[in-house]
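Step one of this worksheet: look at the structure below.
Every read-out reported here was derived from the displayed coordinates using simple, explicitly stated rules and does not represent laboratory data. None of these values were measured; they are calculated from a predicted model. Cβ placement follows ideal geometry from the backbone for every residue including glycine, while neighbour counts extend to all protein chains displayed.
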Amino acid sequence: MNEYLQSIIDRDPAARSKLSVILTYPGVKAVFFYKIANFFSLAKFHLVAKIISQLARFLTGIEIHPGAKIGKNLFIDHGMGVVIGETSEIGNNVTIYHNVTLGGISPSENSDQQRNNKRHPTVMDKVVIGSGAQVLGPIIVGQNSKIGSNAVVTNDVPENAVMVGIPARNIGVSTEEFKPYAVTEETKKEKR
């Protein structure tokens, strides 16, 4: 828990103390409820798991399906409107901003054929996903890549890529460990 809270303080200049992070960050609460819901999901108590995840959604504005797989130190900053689908996989030290969707591409078509199939993204370690981004389908987002705000990503993303636009395109290489909001002065210069 201490490592998790410190990882948030390291990535958020607004974080003043671990206590304030625990008490006031909806992403922390959503991850806490996810861990409980995921426990029940793995134990095959799916209805209980979904009830817990819906309670968390009501309290935080963040919806994490209990079946998702999440690594350590996920930081959901601000959080309102974040949706993480059932077969999503998230690595370690990932940062996600508000209104991000890790979703499928056609859930209303052939639902029975899609059950128990991978239909949501896999996000590798140290990825930053900017606010409003949509990462859709059973794609892989490579380690240390950055997804800019409002980008729509429907294809695999290589490691260290900087993706922007609709549809998202790679505009450069990210050599930095972490920069808030995904797109930095460095990547803006590469674009010019």
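Going by what's in this entry, would G132 be described as out of contact with any Phe, Trp or Tyr (no Cβ under 7 Å at 6 or more places or on another chain) and either acidic (D, E) or closer than 29 Å to K44 by Cα (or both)? Step through it out loud before you land on a result.
Values: out of contact with any Phe, Trp or Tyr (no Cβ under 7 Å at 6 or more places or on another chain): yes; either acidic (D, E) or closer than 29 Å to K44 by Cα (or both): no.
It is false that G132 is out of contact with any Phe, Trp or Tyr (no Cβ under 7 Å at 6 or more places or on another chain) and either acidic (D, E) or closer than 29 Å to K44 by Cα (or both).
Out of G61, G27, one residue alone is on the phi > 0 side of the Ramachandran plot and either in contact (Cβ under 8 Å) with a residue 40 or more places away in the chain or surrounded by 15 or more Cβ atoms within 10 Å (Cβ to Cβ) (or both). It is G61.
Look at the range 49-58 and say how many of its residues are surrounded by 16 or more Cβ atoms within 10 Å (Cβ to Cβ) and either touching a residue at least 40 places away in the same chain (Cβ under 8 Å) or more than 14 Å from P26 (Cα to Cα) (or both).
Start the filter on the range 49-58 by keeping residues that are surrounded by 16 or more Cβ atoms within 10 Å (Cβ to Cβ), which leaves 49-50, 52-53, 56-57.
Imposing the further condition that a residue be either touching a residue at least 40 places away in the same chain (Cβ under 8 Å) or more than 14 Å from P26 (Cα to Cα) (or both) reduces the set to 49-50, 52.
Count: 3.
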